Amino acid sequence: MYAFTERTVAPSYTDKNWIKTTFGGYNHCILINKNNGSVLPNCVAYAHGRWLELLTGAVGLEKAKEYESRMCLYNAEQYYGFTQDGFERGQEPRLGAIICWRKGSLASGDGAGHVAVVEKINSDGSIVCSASNYGGTRWYRSTYYKSRNYYIGSAYTFQGFIYPPVQFSEFAADAVERNSNVDQISVNLDILNVRSGAGTNYARLGYAQRGFHNVLRIQEGGEYKWYEIEKNKWIAGVQGTEYLPKEKGATWSVLFPEVSNGDRVMLERIAEEYSLKVKVSKN
């Protein structure tokens, strides 16, 4: 699972994800602006660029460009039926998914339809999407409601979602169940950066989910003590976090076909040294 960064502002005019390939960019959609190579405003070109942006962060630029080359280049209403791209489809939203609408009758080709990209999924089932309109607004965000079948106008019909080839989460590190037998840290913040190393100079990977996280290593770094909660994923021990070392007295159950008196004494000594309760059983 990869961390998802919500887009809340319009892309810059020089961002190569929304520049035509023939102008040095990465986007294969039709050229809109012959002066700067921009493929915006155009809803399908925006979806191409947003996937390029998201997937580059997840799997690297070259793989992202490969995925973008498989995407539909026709009208928006033809996107959902373009299954030769190999991407999964469904009726439930996911972060980064492309939502598709047709306009009028698909068979007659009487409308261009519309696509947008899911940026946020709300608890009430509504979704916040980013998009662009061909011949209109370069970039905008809108909220659509599941209870209204993602209605955007009487001429449009919701078709479904095209899912990105990797799964995104709004968190770079998901919380786990409380486990007193391992070292953990409690995160009681909604916004706590996860970084690639033990220091604020390392790359930010996203946020840590509120809750408990297992601690693999602890390291000093600058003004903070840092906790590795997954491989190469570190958080700072700031106010709002609490380190929870494994509880002394946790019980270990040891199963042996036979346990000699000597083995039993050895295990009891280990238990005493580490303040553990060892339950020795015969299989």
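Any read-out appearing in this document is the output of simple, stated calculations on the displayed coordinates, not a laboratory observation. Nothing here was measured: the structure is a model prediction, and the numbers come from that model. Glycine gets a Cβ as well: all are built from the backbone with ideal geometry, and neighbour counts include every protein chain shown.
The length gained by stretching the chain between Lys225 and Arg178 to full extension, at 0.36 nm per residue less their Cα-Cα distance, is 14.8 nm.
Would you mind classifying region 1-141 by shape? Square roots of the alpha carbon gyration tensor eigenvalues, ordered a ≥ b ≥ c; an a/c under 1.5 is rounded, otherwise it is prolate if a/b is larger than b/c and oblate if not. Rounded is the answer for region 1-141, as its axis ratio a/c remains below 1.5. Among the listed pairs Lys63/Lys233; Lys34/Lys120; Lys65/Lys120, a Cα-Cα separation exceeding 29 Å is found for Lys34/Lys120. Summing +1 for each Lys or Arg and -1 for each Asp or Glu, what net charge is found among the other residues whose Cβ lies under 14 Å from the Cβ of Ala203? The answer is +3.
For Asn33 and Tyr151, the FRET efficiency from 1/(1 + (r/R0)^6), where r spans their Cβ atoms and R0 equals 22 Å, is about 0.10. Cut-off 13 Å, label point 7 angstrom out along Cα-to-Cβ of Asn232: give me the residues of region 180-197 whose amide nitrogen falls inside. 195-197, by backbone N distance to the label point.
The alpha-carbon atoms of region 131-195, seen along their principal axes, cover 58, 26, 25 angstrom, with the largest extent given first. In plain terms, the chain from Phe82 to Glu6 could stretch by 24.7 nm, reckoned as 0.36 nm per residue minus the Cα-Cα distance.
In this calculation the C-beta distance from Glu92 to Ser69 is compared with R0 = 25 Å, giving a FRET efficiency of 0.40. Dimensions of region 86-201 along the principal axes, based on C-alpha atoms and rounded to the nearest Å, stand at 63, 30, 29, largest first.
Computed over the alpha-carbon pairs of region 171-244, the distance histogram in 5 Å steps reads 3, 20, 32, 29, 13, 3, 0 percent, short to long.
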